[in-house]
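First up is the structure itself, then whatever we jot down about it.
The values are calculated or read from the model by the stated rules, or taken from the named source; none is laboratory data. None of these values were measured; they are calculated from a predicted model. With ideal geometry, Cβ positions are generated from the backbone for all residues, glycine too; neighbour counts draw on all protein chains shown. Side chains included, ligands, DNA and RNA excluded: accessible areas come from the protein's heavy atoms. Shrake-Rupley method; radii C 1.70, N 1.55, O 1.52, S 1.80 Å.
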Amino acid sequence: PSAIILRERKMSNRLIEEFMLLANKAVAALMIEAFENTEFVFRIHDIPNRDQIIKLADYVRAFGVKLDHRQGIVSPTDLQNLLEEFKNRPEAAIIEDATLRAMSKAVYSPDNIGHFGLAEKSYTHFTSPIRRYPDLLAHRVLKRVNGFLDDEPEDLATICKHCSEREKVATNAERESIRLKQVQYLERHLGDEFSGVVSGVTNFGVFVRLDDVFVEGMVHVRDMDGDFYEYDDSTYTLRGTQRGKTYKPGDRVRVVVVSTNAETREVDLYFAEKPK
């Protein structure tokens, strides 16, 4: 890899996305209103787990932002407002990742429970049958109910479960492949200094997301300056007991790439101030 850049979402991309959303919603609504007794492939997204939302609220509080919730109950608008708070901040990608992890995973199912993330009572995937099998299933159901197919209906419950499982595998493979290329890129930058933002803190170190290459690495406690650090899990903060130096999510830092491991996808960092 010679460079790492963010994919640009142009106005044309956004326009096409809106058309796709409208088409998917229209097809799902049609199946419910006109063919409610016909089994169909819905894209469903359950409400978030309350404990996960409470954890998310505690996490973003470390960035100085409040997530409105009612004992772990949130609306899609609450989460959208949270993301808007970080829209032009360097921590935006970190908060978006944390929000996605706190939410339930969308899956395919013939049992329609609505789509929380889109705030829709019904939704499906219809627009990409050349690359996504659930869309092809939706097309076949539509053809049957409109008299263009006379074959036997599939066992949608079993196929939806299989498609959901394979989607998860494919998503993980995509993330791993991207992470591999990021680590391989940094192999040529050992000793180089980068700016970044603290994305997480544990009792064994500080996670930093690098600005220019969008890679997360870790500064281990053992490699931090000559102090003993204690972790406060209520504020996600590491604090030096002698000098009072603190590290918490959202802090801007400068780090040096010390080592990379393509096999484990790990990146080790030092803070730019050399350990004493």
### Query
Counting only residues that are β-branched (Val, Ile, Thr) and within 20 Å of the chain's Cα centre (by Cα), which one in the range 31-75 is modelled with the highest pLDDT?
44
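Residue check: is residue 171 polar (S, T, N, Q), touching a helix residue (DSSP H, G or I) at 6+ places or on another chain (Cβ under 7 Å) and free of Cβ contacts under 8 Å to residues at least 60 places away in the same chain?
The answer is no for residue 171.
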### Query
What is the residue count in the range 181-210 for residues that are crowded, with 16+ Cβ neighbours inside 10 Å and of a type in the set (Gly, Ala, Ser)?
4
### Query
Which is touching a residue at least 24 places away in the same chain (Cβ under 8 Å), open to solvent by 20 Å² or more (accessible area, probe 1.4 Å), outside any loop (DSSP other than H, G, I, E, B) and over 16 Å from residue 259 (Cβ atoms), of 142, 137, 118?
142
### Query
Could you list, in sequence order, the residues of the range 155-166 that are over 13 Å from residue 133 (Cα atoms) and open to solvent by less than 60 Å² (accessible area, probe 1.4 Å)?
157
### Task
May I ask you to list the residues in the range 236-267 that are open to solvent by 60 Å² or more (accessible area, probe 1.4 Å), under 27 Å from the mean Cα position of the chain (by Cα) and among the charged types (D, E, K, R)?
248, 252, 254, 263, 266
### Task
Counting only residues that are small (Gly, Ala, Ser) and more than 19 Å from residue 89 (Cα to Cα), give me the strands (runs of 3 or more DSSP E) lying completely in the range 176-276 with at least 1 of them.
205-210, 216-220, 237-240, 252-261
### Message
Restricting to the range 76-113, count the residues that are at pLDDT 95 or above, in contact with a helix residue (DSSP H, G or I) (Cβ under 8 Å, 6 or more places away or on another chain) and among the small types (Gly, Ala, Ser).
### Response
1
### Query
Regarding residue 233, is this residue open to solvent by 30 Å² or more (accessible area, probe 1.4 Å), under 19 Å from the mean Cα position of the chain (by Cα) and modelled with pLDDT under 95?
no
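Looking at the structure I just gave you, is residue 178 β-branched (Val, Ile, Thr), under 24 Å from residue 267 (Cβ atoms) and surrounded by fewer than 18 Cβ atoms within 10 Å (Cβ to Cβ)?
yes
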